[in-house]
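Student: Dropping the structure in here first, questions after.
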Amino acid sequence: MEIKTIASRPFPDQRPGTSGLRKKVTVFQKPHYLENFVQATFNALGGVDKKQIAIGGDGRFFNQQALQTIIRMAAANGIKKIMVGLSGILSTPAASCVIRKYRLDGAFILSASHNPGGPRGDFGIKFNTANGGPAPEKVTEKIYKESLALKSYRTIDNPDINLDEIAVFTIGDLQLEVFDPVKDYADLMAEIFDFDLIGSLLRNPDFSFRFDAMHAVTGPYAEEIFVNRLGAAADSLLNCTPKPDFGGGHPDPNLKYAAELVALMFADKAPAFGAASDGDGDRNMILGDNFFVNPSDSVAVIAANAHLIKGYKNGLKGLARSMPTSCALDAVAKELKIECFETPTGWKFFGNLLDAGRLSICGEESFGTSSDHVREKDGLWAVLCWLNLLAVKKLSVNNIVNEHWRKFGRNFYSRHDYEEVDSKIANTIAADLRDRLATLAGRKFGALEVSRADDFSYRDPIDNSLSENQGLRLIFSDNSRIILRLSGTGTKGATLRLYFEKIEKDPAKMNLDPQTALAPLIKLAEELTDIRKLTGRLEPTVIT
Ligand code: G1P
Ligand code: ZN
């Protein structure tokens, strides 16, 4: 096996964002672009001689080609063993599961999550470390530094490997195993959840359920778990064949992009329960009959009822949410008398707390929920949590959430996204508000009085690292909040996110539409930022 050293030059734009490096497919297709990033990662890890990793992705366009490139480079860089998901498919939570189960040194996950795919769509790559979680900031910054200093990468000449059958290959000293990650992942779910109980619910003719895989990675996982192991009818599953362009759709499980499922669930005689997952299987959306569960509420409901689930019956260590996520979870932590951490946006910030045994269940407003069973958010896990709760409580989704609000209060919550905004304009909007923060504290706007205005920063309680500039916050005297952040996952222009929260304790006011309940905050944010005028948009691109 002859190792070739290929001369290359740095690309200036390989700094990983909220979740790895995401760019247009056409950027990744540039000669040496992917190779540089892979070599920079290997270098940042101090070399990968004798290491063992997993690789796979969400099946999007360029997945197969990228896998073959990584395999050649892994062989040339001395990796001892690679486990590749069958057909190159590996969901993000399954990657986390297999790293931990087989004690690997890490994994490359090829995905741009919920971003559209296809030749004109997005591609992405991220590295997860030996704990199963996304590389922390100190590693991603090292990768970026290595990418800027890169002069060459190592590869070999080797024909493409057939990844469509379970098999073991030898390439020089590298052992390559094509394996079935669906089995490993489904086995882990069976350890956490009571499959007999959930199975009897799914087989009950009076219960109806739909799961939409959005032509993305969770299709094979959903078939194995819901149909083969739990006995649900095959027609409960929608769009379960992964496609390189996600069937032309936008694989983001929200009210806008999961339109097919939403139409079913908001029809007359809708199913009792509906759920969807995203491109790489880490997000989830939970729906009841004509009812949307806000993700911030979903994680709070799961945490409050976790003692009813086999895997959590001995209690929870702690809870955590990202800063823009509603404070509904904090109320649960208070009731359970356990810690609740507030971290910056992005799953990588939960990793240290999970590893330190300080945290059991965590979530983000962006349809991400999970626990210490892996080090990623986990879409199907959240769906199974809800099915488990429905089976135990014998209540509808709507009633479970309403019961929760009556006990803890309702945190009205909404996020408004302005996508593909000119980067300069987006940066100016954020910078202007940042400059005015100091003057806003103490000011009154009608009934709203600003008690705190800051740019969120986070000191990791485990390794003491500091992450600054994580989102502009206005916190009001009644604990309402307005938050402004720039997305770190977009690939075209900039995405501005405005988040709104208001806590309501009066049961008589709990069934308002969130946009109505939050209207004064929305109006104030628009006045303070001038966002509609400056972006030239009449309304946000997506409202959740
Ligand atoms: C978005 C979400 C964030 C999530 C990330 C990866 O990041 O807001 O919560 O962790 O996608 O799925 P953003 O685009 O806001 O940086
Ligand atoms: Zn995702």
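Student: Can you work out the FRET efficiency for the pair residue 356 and residue 508, with r the C-beta to C-beta distance and R0 = 35 Å, to the nearest 0.05? Kindly include the intermediate steps, with their values, before the conclusion.
Tutor: Values: r = 43 Å, r/R0 = 1.22.
Taking R0 as 35 Å, the efficiency between residue 356 and residue 508 is 0.25.
Student: Just to confirm my numbers, what's the Cα centroid distance between the range 444-513 and the range 5-54 in Å?
Tutor: Each part reduced to its Cα centre gives a spacing of 33 Å.
Student: With a/c under 1.5 counting as rounded, go ahead and sort the range 1-146 into rounded, prolate or oblate using the C-alpha gyration tensor (a ≥ b ≥ c being the square roots of the eigenvalues; past the cut-off, prolate if a/b is larger than b/c, else oblate). Write down the numbers at each step before the final one.
Tutor: Values: a/c = 1.26, a/b = 1.05, b/c = 1.20.
Judged from the Cα gyration tensor, the range 1-146 comes out rounded (a/c under 1.5).
Student: In whole angstrom, how far apart do the alpha carbon centroids of the range 271-304 and the range 222-262 sit?
Tutor: 14 Å
Student: Something else about it: Go through 289-296, 41-48, 516-523 and give me the packing order, highest mean Cβ count within 10 Å leading.
Tutor: Numbers: 289-296: 21.6, 41-48: 18.9, 516-523: 17.0.
Ranked from most to least packed, the peptides come out as 289-296, 41-48, 516-523.
Student: In addition: In what order, largest first, do 32, 416 sit by accessible area if the probe radius is 1.4 Å? Before the final figure, lay out the partial values.
Tutor: Working: 32 60, 416 5 Å².
Reading off the accessible areas and sorting them downward yields 32, 416.
Student: Further question on the same structure: Residue farthest toward the positive end of the dipole of the chain, with Cβ of Lys/Arg at +1 and Asp/Glu at -1: which of 71, 189, 7?
Tutor: 7
Student: Pairs 243/313; 80/151; 80/101; 145/533; 348/509: which exceed 29 Å Cα-Cα? Each step should come with its number before you reach the end.
Tutor: Working: 243/313 38 Å; 80/151 24 Å; 80/101 17 Å; 145/533 38 Å; 348/509 37 Å.
Too far apart for the 29 Å limit: 243/313; 145/533; 348/509.
Student: Here is a further query. If r is the Cβ-Cβ distance from residue 207 to residue 177 and R0 is 41 Å, what FRET efficiency results, to the nearest 0.05? Don't skip to the answer; put the middle values down first.
Tutor: Numbers: r = 39 Å, r/R0 = 0.96.
Efficiency for this residue pair is about 0.55.
Student: Once the Cβ-Cβ distance between residue 477 and residue 234 is put in as r, and R0 is 51 Å, what FRET efficiency do you end up with, to the nearest 0.05?
Tutor: Numbers: r = 54 Å, r/R0 = 1.05.
Result of the calculation: an efficiency of 0.40.
Student: Please compute, over every Cα-Cα pair in the chain, the percentage with a separation greater than 44 angstrom.
Tutor: The calculated P(r) of the chain puts 14 percent of pairs beyond 44 Å.
Student: Right, another one. Which distance in nm do the two modelled labels at residue 424 and residue 537 give, with both placed 7 Å along the Cα-to-Cβ direction?
Tutor: Taking the simple label geometry, residue 424 and residue 537 are separated by 1.9 nm.
Student: If the only charges are +1 at each Lys and Arg Cβ and -1 at each Asp and Glu Cβ, what is the size of the charge dipole of the range 398-489 around the Cα centre, to the nearest 20 debye? Can you show the working numbers first?
Tutor: On the way: 14 positive and 14 negative charges, 100 e Å.
Roughly 480 debye for the range 398-489.
Student: Further question on the same structure: Among 307-318, 367-378, 247-258, 191-202, what's the highest-first ranking by average C-beta atoms within 10 angstrom per residue?
Tutor: Ranked from most to least packed, the peptides come out as 367-378, 247-258, 191-202, 307-318.
Student: Continuing with the same structure: Put +1 on the Cβ of every Lys and Arg and -1 on every Asp and Glu Cβ in the chain; which of 219, 404, 453 then has its Cα farthest towards the positive end of the dipole?
Tutor: 453
Student: From the Cα gyration tensor of the range 326-377, with a ≥ b ≥ c the square roots of its eigenvalues, which class applies: rounded if a/c is under 1.5, or else prolate if a/b is larger than b/c, or else oblate? If you can, show how the numbers build up before the last one.
Tutor: Details: a/c = 1.76, a/b = 1.21, b/c = 1.46.
Oblate is the answer for the range 326-377, as a/c is 1.5 or above yet b/c matches or exceeds a/b.
Student: Follow-up question, since we're still on this one. Tell me whether the range 415-488 comes out rounded, prolate or oblate; compute the Cα gyration tensor, take square roots of the eigenvalues as a ≥ b ≥ c, and use a/c under 1.5 as the rounded threshold.
Tutor: Note, shape of the range 415-488 comes out oblate.
Student: If you put +1 on each Lys and Arg Cβ and -1 on each Asp and Glu Cβ, how big is the dipole of the range 1-100 around its Cα centre, in Debye rounded to 20?
Tutor: 100 debye
Student: Let me ask something additional. Let's see if you can work this out: charge +1 on each Lys and Arg Cβ, -1 on each Asp and Glu Cβ, no other charges. What is the dipole magnitude of the chain about its Cα centre, in debye to the nearest 20?
Tutor: Numbers: 66 positive and 68 negative charges, 216 e Å.
Magnitude of the dipole: close to 1040 debye.
Student: Where does the chain land at 222 nm, in deg cm²/dmol rounded to the nearest 500, when only DSSP H runs of n ≥ 4 count, each adding -39500 (n - 2.57), divided by all residues? Mind showing how you got there, number by number?
Tutor: Working: 18 runs with 175 residues, N = 544.
Computed ellipticity for the chain at 222 nm equals -9500 deg cm²/dmol.
Student: Right, something else. Need one number: nm distance between label points at residue 191 and residue 141, each 7 Å from Cα along Cα→Cβ, rounded to one decimal.
Tutor: 3.4 nm
Student: Right, something else. Provide the percentage of antiparallel DSSP beta bridges, counting only those with both residues in the chain; round to the nearest 5. Show your work: numbers first, answer last.
Tutor: Numbers: 65 of 94 bridges.
Roughly 70 percent of the beta bridges in the chain run antiparallel, per DSSP.
Student: Any idea which of 467, 36, 379 is furthest toward the positive side of the dipole for the chain, if Lys and Arg beta-carbons carry +1 and Asp and Glu beta-carbons -1?
Tutor: It is 467.
Student: Where in the range 329-343 does the amide nitrogen come within less than 16 Å of the point 7 Å from the Cα of residue 407, taken along Cα to Cβ?
Tutor: 329-338
Student: Where in the range 44-62 does the label zone of residue 102 land, with the point 7 angstrom along Cα→C-beta and an amide N cut-off under 12 Å?
Tutor: From the range 44-62, the list is 52-56.
Student: Under a 5 Å amide H to amide H cut-off, with H placed in plane at 1.01 Å, what residues pair with residue 542 once short-range neighbours are removed?
Tutor: Under 5 Å from the amide H of residue 542 lie the amide H atoms of 417, 419, each far enough along the sequence or on another chain.
The values are calculated or read from the model by the stated rules, or taken from the named source; none is laboratory data. Treat the numbers as computed from the prediction; the structure is a model and nothing was measured. Cβ coordinates were reconstructed from backbone atoms using ideal geometry, including for glycine residues, and neighbour counts include every protein chain displayed. These area figures cover heavy atoms from the full protein model, side chains too; ligands, DNA and RNA do not enter into them. Shrake-Rupley method; radii C 1.70, N 1.55, O 1.52, S 1.80 Å.
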